[in-house]
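Asker: Starting off with a structure, shown below.
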Amino acid sequence: MTSILILDGHPDPVDRHLCHALALACEEGAKAAGHRTTLIRIADLEFPVLRKPSEFEHEPTPAVLQPARDALLSADHLVLIYPLWLGTLPAYTKAFLEQVLHYDTAFERSEQDRWPKGKMRGKSARVVVTTGMPAFAYTFWYRAHSLKNLKRNILGFIGFKPVRSTVFGMVENTSEAKVGKWLDKMRALGGSAT
């Protein structure tokens, strides 16, 4: 049995958003396959924004986000779902990651501190992005720079491996049948914990 943390990274709490439905479908598939799941909707949380490097380096994760930090530390697999806004993560989603991944959560301290070692070794991740443009355009024309940055420079850097991704495009102008296929795909991904 795998422990899966599903982060619903859409910052708007209104239920009609596709990201919320994708997160629920992932959780449903994971539970049906016998995995332990924790679903966190970032939109339901109120937390301060990280403003100083010293907060990241020396202060603990804010109390309101410590359950999320603990869920991340105990999970075997992470699924992060978010909409593409201005070419990247929504600011509130990024702020959540900055607060949850304080230095002592993400890295092991060493005597030299020359090159930090990530604490997330042995864990895998999947990043799911929704976008209004065609997935092909985001992936190939725009080269998915923000997704690559998240996968390599954040998740990979702190030890997640492998970090896989899924991009759902043209989300505003799609049919119910297509959305149904996307939800089925998320159930399958949740069930396989990949």
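Asker: When the stretch 138-173 is examined, which residues are found to be of a type in the set (A, V, I, L, M, F, W, C), outside any loop (DSSP other than H, G, I, E, B) and surrounded by 15 or more Cβ atoms within 10 Å (Cβ to Cβ)?
Answerer: Passing the criteria: 147, 150, 154, 155, 163, 167, 168, 171.
Asker: Just to be sure I understand, how many residues within the stretch 78-124 are touching a Phe, Trp or Tyr at 6+ places or on another chain (Cβ under 7 Å) and β-branched (Val, Ile, Thr)?
Answerer: Residues flagged as touching a Phe, Trp or Tyr at 6+ places or on another chain (Cβ under 7 Å) and β-branched (Val, Ile, Thr) within the stretch 78-124 amount to 1.
Asker: Exactly one of (1) within 22 Å of residue 182 (Cα to Cα); (2) at pLDDT below 95; (3) of a type in the set (A, V, I, L, M, F, W, C) is unmet by residue 115. Its number?
Answerer: The failed condition is (1).
Asker: Restricting attention to the stretch 32-47, does a residue exist that is crowded, with 18+ Cβ neighbours inside 10 Å, in contact (Cβ under 8 Å) with a residue 60 or more places away in the chain and within 25 Å of residue 167 (Cβ to Cβ)?
Answerer: Yes.
Asker: Return yes or no: is residue 158 over 14 Å from residue 89 (Cβ atoms), touching a residue at least 12 places away in the same chain (Cβ under 8 Å) and among the hydrophobic types (A, V, I, L, M, F, W, C)?
Answerer: So residue 158 passes the test.
Asker: Collect the residues in the stretch 100-128 that are outside any loop (DSSP other than H, G, I, E, B) and within 22 Å of residue 40 (Cα to Cα), keeping them in residue-number order.
Answerer: Hits for the stretch 100-128 are 100, 103, 104, 105, 106, 124, 125, 126, 127, 128.
Asker: Within the stretch 66-75, is there a residue that is assigned to a loop (DSSP other than H, G, I, E, B), within 21 Å of residue 150 (Cα to Cα), in contact with a strand residue (DSSP E or B) (Cβ under 8 Å, 6 or more places away or on another chain) and among the hydrophobic types (A, V, I, L, M, F, W, C)?
Answerer: yes
The values are calculated or read from the model by the stated rules, or taken from the named source; none is laboratory data. What you see is a predicted model; the values in this text were computed from it and never measured. In this analysis, Cβ positions are derived from the backbone assuming ideal geometry, glycine residues included, and neighbour counts consider all displayed protein chains.
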